[in-house]
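Participant: Following this message is one structure expressed as structure tokens.
The values are calculated or read from the model by the stated rules, or taken from the named source; none is laboratory data. Since the structure is predicted, the reported quantities are computational estimates derived from the model, not experimental observations. Reconstructed Cβ throughout: ideal geometry from the backbone, glycine too, with neighbour counts over all protein chains shown.
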Amino acid sequence: MKHGIFIAILLIFYGNTASGFLSGPIAGRTGAPNDICDSLTCNVTPCHDSFGLNTGKAAFSITAPSTYEKGKTTNIVVKFVNSNTSLHGFEITAMDTTNTKVGTFTSTDETTQTESYKNQYAAHTTIGTAESSWTVQWSAPSENVSGQITFYAAGNEANGDGTSARDYIYTNTATLSLAEECEPAILKVKPKKLVIRRGKSAVVTVTVKGGDNKPCTNYTVYAFTEQKKVSLEGSLETNENGKAKFTIVAGDGKGKDVITFSTQENNAGITKKVSVVIK
């Protein structure tokens, strides 16, 4: 089942700190349904109302992946292009289709802030108003959310004249879907036997596929050794082809070992073994 996230962004500030929001906008003017200020943006009287919504010549966009995974963190980029002004700002929040805020935001640098908004929003800082592109991190909720997914965005291209007049407000939308979860049905290892010289290393490739024979991407594979005569990563995530490459390092002594690869922790789930001889 696919679920939905709605992300709304508002870029808002006046041209100086005395009369506006250079240091960061107030929360809730994103235009998101049932937000603090309902569905309003700052394209209203007596705020940035000189021009109609989306009537400027700049382009405003959100760059985000088309899917998300529960509990995973992804980058979201808010950007102006073809803007002829030097001041911009933003605010972003995330909602599901029940208009409930979901996930949390984290700043990636000094141009953005999240903690003052309890991580339910991200916004520009004073330094960030000199930028026209910002990157923030959004961590998806670990639990299911309701309904389909819609992203909403709004932005302000300010002229820097010290007032709220003659600034352009923009909006945009995008969609984000919950990635289909892969139920592993096939686990393969290559090679099945290893001969390694003492202190040397080798690579074992583990492949995970679902019942439909499609690769399980970003799936965690676990590894365990019986005799501890070799060392390797305790777990790795598969790539887009459903493969994870483990580096096996032999110890200083001769002997044998067995490595068990598993689709679950504690050596549960589907397992495959690789025998190792150390010379």
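Participant: Restricting attention to region 102-152, report how many residues are closer than 25 Å to ASN82 by Cα, over 18 Å from the mean Cα position of the chain (by Cα) and modelled with pLDDT under 85.
Facilitator: Residues flagged as closer than 25 Å to ASN82 by Cα, over 18 Å from the mean Cα position of the chain (by Cα) and modelled with pLDDT under 85 within region 102-152 amount to 0.
Participant: Out of the residues in region 206-257 that are basic (Lys, Arg) and touching a strand residue (DSSP E or B) at 6+ places or on another chain (Cβ under 8 Å), state the one that is nearest to LYS279 (Cα to Cα). Don't jump to the end; show me each part of the working.
Facilitator: Looking only at region 206-257, we keep the residues that are basic (Lys, Arg), and these are 209, 214, 228-229, 243, 245, 254, 256.
Those left that are additionally touching a strand residue (DSSP E or B) at 6+ places or on another chain (Cβ under 8 Å): 209, 228-229, 243, 245, 254, 256.
On the way: LYS209: 34, LYS228: 15, LYS229: 12, LYS243: 28, LYS245: 23, LYS254: 5, LYS256: 9 Å.
Step by step, filter region 206-257, then rank; the result is LYS254.
Participant: Could you please find all residues in region 201-212 being without any contact (Cβ under 8 Å) to a residue 60 or more places away in the chain and surrounded by 12 or more Cβ atoms within 10 Å (Cβ to Cβ)?
Facilitator: Once the filter is applied, which keeps residues that are without any contact (Cβ under 8 Å) to a residue 60 or more places away in the chain and surrounded by 12 or more Cβ atoms within 10 Å (Cβ to Cβ), region 201-212 yields SER201, ALA202, VAL203, THR205, THR207, VAL208, LYS209, GLY210.
Participant: Hey, another quick one. Out of the residues in region 102-119 meeting the condition of being in a helix (DSSP H, G or I) and either in contact (Cβ under 8 Å) with a residue 60 or more places away in the chain or touching a His at 6+ places or on another chain (Cβ under 7 Å) (or both), tell me which one is surrounded by the fewest Cβ atoms within 10 Å (Cβ to Cβ).
Facilitator: If we filter region 102-119 for residues that are in a helix (DSSP H, G or I), which is where we start, we get 115-117.
Next, from what is left, pick out any that are either in contact (Cβ under 8 Å) with a residue 60 or more places away in the chain or touching a His at 6+ places or on another chain (Cβ under 7 Å) (or both): 116-117.
Details: SER116: 12, TYR117: 19.
Among them, the one singled out is SER116.
Participant: Could I ask something else about it? Output the number of the condition that GLU181 fails; it satisfies all remaining conditions of (1) surrounded by 14 or more Cβ atoms within 10 Å (Cβ to Cβ); (2) modelled with pLDDT under 90.
Facilitator: Single failed check for GLU181: (1).
Participant: Let me ask something additional. Taking region 190-214 on its own, how many of its residues are more than 29 Å from the chain's Cα centre (by Cα) and among the polar types (S, T, N, Q)? Before the answer, list the steps.
Facilitator: So in region 190-214, the residues more than 29 Å from the chain's Cα centre (by Cα) come out as 190-204.
Checking the rest, the ones that are also among the polar types (S, T, N, Q) come to 201.
Residues that pass the stated criteria total 1.
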